[in-house]
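Structure, as structure tokens:
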Amino acid sequence: MRRFVIGAVAIEVALLIVGLTWIGPMNSGGDGGSDTATAATQDFRIYGDGDGDVVNVVLDATETVQTIAPDVDYHVWTFGGTTPAPVIRVQVGDTIHFTLNNKSELGLSHSIDFHAAQTPWDKNYQPVAPGESFSFDWVARFPGVFMYHCGVPPVLHHIANGMYGAIIVEPEGGLPPAREYVLTSSEFYPARRPVDGVFEGDLARMEAVDPEYVVFNGVGNQYLDAPLEARPDETIRLWVMNAGPTLTNAFHVIGALFDRTYPDGNPANILYGLQTYNVAPGAGAMFELQIPDEGMYPFVTHSFAYTGLGSVGVIKVSADVPEAPATYPTIADPFDGGLTETTGTVKAGGSDTGTVAAPPEDEGGGGGMNHGAAPETVEVSAALAGFDPSEIEVKEREVTFNLTNTEALPHDFTIDDLGVKIKLDANGSGEQTVEAKPGTYEFYCSIPGHKDAGMVGTLTVLPGAGH
Ligand code: CU
Ligand code: CU
């Protein structure tokens with residue numbers, strides 16, 4: 001098996017060499033010599049190192065349990081604690097300073113393979129032992145949507161158990177505004193019976209291509225209950241990446257056609273008016289479509305033996321849907337289609353914007369910190385137009401913020417200085433209790449663009465009677 005894998009890689013390398021001998025003369029134009037190409041830019045790629053940002057991407061390889069279907073807990077192997085791994089978004093010309101921390105508790109080696117990168121496999125895509133870390137830099141030269149994954153043999157096992165994610169490389173200067181979602185297709189092959197309530201991946205079923213689930217973004221049918229949303233006639237941009245490991249996704253939206261399909265997401269590849277497009281394992285595509293009429297539009301793999309295994313979701317088209325986000329984060333949550341910054345173990349850009357303040361310690365009952373006053377509950381509703389109320393006044397004491405999200409768009413409620421961060425799913429709710437010290441605090445939604453849209457307010461904590 002190991003020899004087969006190495007052989008397969010050798011074939012891939014050979015094809016790459018053949019490819020280069022064809023591409024070379026075409027790229028060098030009339031002036032010959034590939035050196036002149038180093039500063040050149042083609043409409044489908046750049047050469048050289050680019051002059052973009054340095055983006056720090058740190059992924060921890062971990063094993064954890066994820067609910068992949070109702071009542072089905074699966075022992076996933078992950079980058080960053082989720083399957084799929086976080087969505088990464090950069091631009092052509094950016095340098096990705098990548099670090100893999102292998103925190104495997106099963107004693108497994110893991111590695112990385114970025115399909116968006118040009119970098120030597122024998123140096124940078126090698127197994128990293130448990131407890132070890134490995135870093136390297138690569139330059140994003142091709143725009144598109146690409147797979148990244150673990151390549152430790154048997155690769156089938158590591159991918160099928162969840163070690164993959166999507167990286168979007170936008171062209172220089174970005175793309176025209178659109179309502180974007182990232183959809184990663186993949187299969188799960190659990191054993192027939194769980195162990196202590198958790199299903200392990202079954203390598204024999206993986207080899208036999210006998211999937212139990214075929215899903216978008218790691219959870220079967222999740223967008224039936226919580227549809228993706230869009231407005232009539234706006235441009236919807238779907239970045240679809242198929243992690244496989246084995247099945248092709250025949251991507252189709254019922255009741256719609258694709259205005260433009262961009263194989264692998266490169267803006268130079270354009271196909272018009274398609275109904276269905278095959279996204280192979282290890283490949284991607286970007287779809288742009290406009291849907292004129294309000295209604296529900298299911299998206300599926302049109303390989304119907306697999307559709308019913310979890311590979312169906314819905315786009316709800318309605319004029320009442322909130323405006324599309326103005327920007328999308330560098331490191332994003334895979335489950336909401338790449339809309340919000342992730343709260344996992346991944347950090348972007350060397351800043352701490354991708355991490356969440358540690359939740360306050362549970363102060364329990366009878367702690368000496370509540371000044372004898374009963375906890376106060378403050379009800380706040382959240383919407384893009386703003387929080388209601390936007391001015392809150394409380395006395396110094398334990399305060400429970402009880403948030404309700406009134407619309408089908410994720411939000412959060414953040415007070416940096418009090419360590420408050422309440423994540424709100426679409427139409428969801430949440431609460432957090434903190435010891436509020438006297439002072440004036442800003443609260444806001446930390447999802448990019450939402451504070452500017454009006455999601456900001458002021459909390460005033462007055463000195464308590466106990467003082
Ligand atoms: Cu691995
Ligand atoms: Cu690959």
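Worth pointing out:
- Count of residues meeting criterion [farther than 14 Å from Ala166 by Cα and charged (D, E, K, R)] in segment 81-102: 1
- Residue identified as farther than 20 Å from Gln42 by Cβ, touching a Leu at 6+ places or on another chain (Cβ under 7 Å) and assigned by TED's automatic domain parsing to the domain that holds Phe216 among Glu187, Glu105: Glu187
- Gly273 meets all of the listed conditions (1) surrounded by 16 or more Cβ atoms within 10 Å (Cβ to Cβ); (2) more than 16 Å from ligand 2 (Cβ to nearest atom) but one, namely (1).
- Among the residues of segment 131-160, the ones that are in a strand (DSSP E or B) and within 16 Å of ligand 1 (Cβ to nearest atom) come to 5 in all.
- Residue match in segment 161-179 (condition: among the hydrophobic types (A, V, I, L, M, F, W, C), over 30 Å from Asp233 (Cβ atoms), within 12 Å of ligand 1 (Cβ to nearest atom) and at pLDDT 95 or above): yes
- Pro127, sole failed condition from (1) in contact with a Phe, Trp or Tyr (Cβ under 8 Å, 6 or more places away or on another chain); (2) of a type outside the set (S, T, N, Q); (3) closer than 25 Å to Glu207 by Cβ: (1)
- Extreme residue, nearest to ligand 2 (Cβ to nearest atom), among residues of segment 151-171 that are touching a strand residue (DSSP E or B) at 6+ places or on another chain (Cβ under 6 Å) and within 23 Å of Val54 (Cα to Cα): Tyr164
- Filter pass, Thr95 being modelled with pLDDT of 95 or more, within 16 Å of ligand 2 (Cβ to nearest atom) and either outside the structural domain of Asp336 (by TED's automatic domain parsing) or over 20 Å from Gly201 (Cβ atoms) (or both): no
- Residues of segment 109-146 satisfying the condition of being within 14 Å of ligand 2 (Cβ to nearest atom), closer than 29 Å to Leu238 by Cβ and hydrophobic (A, V, I, L, M, F, W, C): Ile112, Phe114, Ala116, Ala117, Val145, Phe146
- Selection from segment 63-85 of residues that are within 16 Å of ligand 1 (Cβ to nearest atom), in contact (Cβ under 8 Å) with a residue 24 or more places away in the chain and either more than 22 Å from Met241 (Cα to Cα) or of a type outside the set (S, T, N, Q) (or both): Glu63, Tyr74, His75, Val76, Trp77, Phe79, Gly80, Gly81, Pro84, Ala85
- Some residue of segment 119-131 being in contact with a Lys or Arg (Cβ under 7 Å, 6 or more places away or on another chain) and modelled with pLDDT of 95 or more: no
- Residue in segment 57-77 that is outside any strand (DSSP E or B) and at pLDDT 95 or above present: no
- Those residues of segment 314-333 which are of a type in the set (Ser, Thr, Tyr) and surrounded by fewer than 17 Cβ atoms within 10 Å (Cβ to Cβ), in sequence order: Ser318, Thr327
- Of the residues contained in segment 252-274, one or more are found to be in contact with a Leu (Cβ under 6 Å, 6 or more places away or on another chain) and among the polar types (S, T, N, Q).
- Selection status of His115, surrounded by fewer than 21 Cβ atoms within 10 Å (Cβ to Cβ) and on the phi < 0 side of the Ramachandran plot: yes
The values are calculated or read from the model by the stated rules, or taken from the named source; none is laboratory data. Because the structure is predicted, anything quoted here is derived from the model rather than measured. Neighbour counts run over all protein chains shown; Cβ positions are idealised from the backbone, glycine included.
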